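Since every read-out is calculated from the coordinates, none of them should be taken as a lab result. Since the structure is predicted, the reported quantities are computational estimates derived from the model, not experimental observations. All Cβ positions, even for glycine, are placed from backbone atoms using ideal geometry, and neighbour counts span all protein chains on display.
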Amino acid sequence: MIENYIEDANFAETGFSYTLSLIQGKYKPVILYCLMEYQPVRFNALQRYLKKVSDKTLSQNLKELERDGLIIRRMHPQIPPKVEYSLSERGASLMKVLDALCEWGEANRE
């Protein structure tokens with residue numbers, strides 16, 4: 001019975017798969033967590049928080065999170081340019097999931 005269900009199921013179409021596609025990678029969950037704790041956050045502050053991330057990698061992750069509607073990028077019209085990142089409403093709603101991962105990790109850490 002379960003074998004038939006597994007054969008018919010398409011993992012790519014599940015909510016679980018969609019959620020993972022939004023936060024996959026080494027840095028996205030950490031970026032989101034940082035924004036939850038300290039928003040708004042500037043690019044250099046994120047880079048210090050993440051330590052060994054390159055400009056290109058951080059920039060790419062931020063663009064993807066913005067494209068997916070999880071963060072908001074605000075550019076202030078001044079010289080030098082000032083850009084801040086914060087969670088969108090949609091991104092803030094994902095924090096329950098990240099908090100649950102954190103709680104599980106704390107409870108199951110060896």
* Asked: What single numbered condition from (1) β-branched (Val, Ile, Thr); (2) without any contact (Cβ under 8 Å) to a residue 40 or more places away in the chain; (3) surrounded by 10 or more Cβ atoms within 10 Å (Cβ to Cβ) fails to hold for Val83?
  -> (2)
* **Ser59 vs. criteria part of a helix (DSSP H, G or I), surrounded by 12 or more Cβ atoms within 10 Å (Cβ to Cβ) and of a type in the set (Ser, Thr, Tyr)** => yes
* Tally of residues being loosely packed, with under 12 Cβ neighbours inside 10 Å and over 13 Å from the mean Cα position of the chain (by Cα) across the range 62-80 -> 7
* Of Glu110, Glu64, which residue is farther than 16 Å from Thr19 by Cβ and either not in a loop (DSSP other than H, G, I, E, B) or not basic (Lys, Arg) (or both)? -> Glu110
* Could you list, in sequence order, all residues of the range 25-52 that are in contact with a Leu (Cβ under 8 Å, 6 or more places away or on another chain) and among the aliphatic types (A, V, I, L, M)? => Val30, Ile31, Leu32, Leu35, Met36, Val41, Leu46, Leu50
* Structure fact -> When the range 67-107 is checked residue by residue, the ones that are part of a helix (DSSP H, G or I) and among the aromatic types (Phe, Trp, Tyr) are Trp104
